[in-house]
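Novice: Here you go, one structure.
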Amino acid sequence: MSAALSLFGRQTWLYSRFELQRLFLTPRGWFALAAFTTIWYFLLRYPIYQASVQLQEPEIQQMLSGMLGMVGMYNLLNWSLPELSVYWALTVFFMPLAVLFATADQTCSDRSRGTLRFLTLRSSRDSIFFGRFIGQILVQALLIGLSLLATLGLAVWRVGELPLSAINATLVIWLNLLIVLLPFTALMALCSALVRSSRLAISLAIVSIGVVTGSLGYLVWHFPDLRVVLEYLPGAQLPMLLGAQGWETLKHCGLPLLQTAVLLLIGRIVMQEKAL
Amino acid sequence: MSYLIEARNLSKSFGQKAVLQDLTFSLPSGEPIALIGPNGAGKTTLFSLLCGYLPASSGELTVLGHKPGSSALFGRVSALPQDAMLDPNFSLLTQLSFFGQLQGMSKAKALAESRRVLSLVDLAGSADLKATALSHGMRKRVAIAQALMGSPELVMLDEPTAGLDPVNALQVRQLIATLSGEASFIISSHNIFELERLCGTVLYLEHGKLVQQSAVQSAATQGYVTLTLEPGAYTDLLPQLRALPGVIAVSDSQKHEYVLQFDAELAPDFDLTLLMALRQFGWRYRQLTKGQTLEQQLFAVTAKQA
């Protein structure tokens, strides 16, 4: 049993590490990094920098606090640096969408090309499935970390110092973003196990989210008591998350972790049963 | 006795279509095993079941005593799957060494092993290329190379020489012949002459059923001689052959090729008798083979069953 677990752990780690190799040592990865850098250059240079400057104005701060307070996001402007407030508000909504695209090809191309046939003679389908998933999380952790460091750099350039509280806030945002993205990455692991191309996986994910949300909306319209079900959809915790501050934000991590576990469990079953 | 592969009442269906029906067979380790059958006979499906790519619909199947796809078979069973390609984003060396690491090798050993198997298929100079830069034949050879990584006990090759030029096909056949002492091979191919040269046992599938499982040489060599003559006009050839002592039947299987069935007890030196007859009548022969060819052996049986 322990030998099997050790083999699973070793092979899963090899697959995860190989995803980092795919990012840093292949032309496809270099293009992805170049696109990531370009996008973040523009995000930092314009929305984040400009908004941070504007947020220094007391009138604007007062107006925004009032507006955000009305929708329950009282604490959004309370991060130690305005750059982090803008970063947090921006990424918490756009990153999940970006992740749907960036993590779509966890296993589908390999299945369609037949590469999985080479791999399954040497390792379990579980190692492949979970190894690729963890690899995607590692890549996200690294890229989010880099973008946060760039944001901190921008703030230091503007204010001339780096408050200790900003480092703490950066860690909180980094961890929260990773947790927010987990169910979306798991959803793509499942979709990737179901179909044979990344395009189809993206379409399947978007259609599934649309169909589930639409169906639940219809049900809630007719049976208002079911409203509580809407609170279990991926991303449902985001408005509450934006209303929280500091390490307190982690009290909202239960739902995404549970969603991730359920999606991975379904994905694992699909991966086990699917013909190669 | 422990078998390489054991199947009992094995069936596989896709929806309503039964692709494999109630196969029961046991294959011992040793000489390479041929998997033969016409298109659509179920060879690739059987391969996929053996490799664990597909689950069986019913019945039992074990490979080296384990369920296909089981972790106990990792590194012990390898395969050349049909139409499978390596990842186009990485070099051959990177991917093969990754396979080696999955099989439990250290990075350095995996790199050395990758170089070894690439040189076995004459691709040592292409180690840094990506799969997309290779021709069809080269891709096939790389796929064979990956199947030889480590020390597999069973190597399953689906159409190993399809799409290869004659020189490379010969090289692959030689490679299989050389390595067949170290590992057991199962080879699926349409090239019956290739299988005849390489294999000791034949599984013949037709319409998803096992039509025949036999040793290539044993039954076929008893009481049969295959005679191939030089092109030319031979008068009264068939009556003269049928009149030879001990002859039971003569059939002309192909142009200038005749299969003579004889009573081995009545005429133990039948080959000598035949050679003397050839000399007496001035018939020039190109080849004289003891036994039937695999093609004759298989198709004579299936024709009789039909």
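Novice: What aspartates and glutamates sit close enough to residue B:140 to cross-link, taking a C-alpha to C-alpha distance under 20 Å and skipping anything fewer than 8 places away on the same chain?
Specialist: Qualifying aspartates and glutamates at Cα under 20 Å: A:110, B:83, B:87, B:113, B:122, B:128, B:158, B:159, B:165, B:194.
Novice: While we're looking at this one, here's another question. Could you give P(r) for the range A:131-248, binned at 10 Å from zero, as whole percent values over all Cα-Cα pairs?
Specialist: 11, 29, 31, 20, 8, 1
Novice: Pick out the long, greasy-scoring helices in chain A: whole DSSP H runs spanning 30 Å or more along their own axis by Cα, mean Kyte-Doolittle at least -1.0.
Specialist: Numbers: long enough: A:2-24 (33 Å, 0.06); A:125-159 (51 Å, 1.31); A:164-194 (46 Å, 2.05); A:198-222 (36 Å, 1.36).
Length and hydropathy pass: A:2-24, A:125-159, A:164-194, A:198-222.
Novice: Over the range A:1-145, what is the mean sequence separation of C-alpha contacts under 8 Å (at least six apart), divided by residue count, expressed as relative contact order in percent?
Specialist: Numbers: 79 pairs, mean separation 66.0, N = 145.
With pairs under 8 Å counted, the relative contact order is 46 percent.
Novice: Just from its helices, what would the mean residue ellipticity at 222 nm be for the protein assembly as shown, if runs of 4 or more DSSP H residues each count -39500 (n - 2.57) and the sum is divided by every residue, rounded to the nearest 500 deg cm²/dmol?
Specialist: Values: 22 runs with 308 residues, N = 582.
Calculated mean residue ellipticity at 222 nm is -17000 deg cm²/dmol.
Novice: Can you give the net charge of the other residues whose Cβ lies under 12 Å from the Cβ of residue A:14, counting K and R as +1 and D and E as -1?
Specialist: Details: positive: A:10, A:17, A:122, A:132, B:107; negative: A:19.
In short, +4.
Novice: Related question: Please name whichever of A:129, A:51, A:178 sits farthest to the positive end of the charge dipole of chain A, dipole taken about the Cα centre and charges placed at Cβ: Lys and Arg +1, Asp and Glu -1.
Specialist: Farthest towards the positive end: A:129.
Novice: Can you list the trypsin sites (Lys or Arg not before Pro) in the range B:139-199 that are in a DSSP coil and have 11 or fewer other beta carbons within 10 angstrom? Before the final figure, lay out the partial values.
Specialist: Numbers: sites: B:139, B:140, B:141, B:173, B:197; in loops: none.
Passing sites in the range B:139-199 do not exist.
Novice: Here is a further query. Per residue, what volume in Å³ does the Cα convex hull of chain B take up?
Specialist: Values: hull volume 49.6 nm³, N = 306.
Enclosed volume per residue, from the Cα hull, is 162 Å³.
Novice: Let me ask something else. Hey, any idea what the orientation-averaged projected area of the convex hull of the protein assembly as shown's Cα atoms comes to, in nm²? Could the numbers behind the result be given before it?
Specialist: On the way: hull surface 143.3 nm².
Computing the convex hull of the Cα atoms and averaging its projections yields 35.8 nm².
Novice: So, one more: If you add up the charges near residue B:260, with Lys and Arg at +1 and Asp and Glu at -1, over every other residue whose beta carbon is less than 12 angstrom from its beta carbon, what do you get? Please list the in-between numbers first.
Specialist: On the way: positive: B:242, B:290; negative: B:252, B:257, B:263, B:271.
Around residue B:260, the charge tally is -2.
Novice: For the range A:2-273, what does the convex hull of the Cα positions come to per residue, in cubic angstrom?
Specialist: Looking at the range A:2-273, the number lands at 154 Å³ per residue.
Novice: Rounded to a whole number, what is D in µm²/s for the range A:131-174 from Stokes-Einstein with the Kirkwood radius over alpha-carbon pairs (10 °C, 1.306 mPa s)?
Specialist: Working: Rh = 11.4 Å.
The calculation lands on 139 µm²/s.
Every number here is computed from the coordinates shown, using simple stated rules; none is lab data. All figures in this text were calculated on a predicted structure; none of them were measured in a lab. Cβ coordinates were reconstructed from backbone atoms using ideal geometry, including for glycine residues, and neighbour counts include every protein chain displayed.
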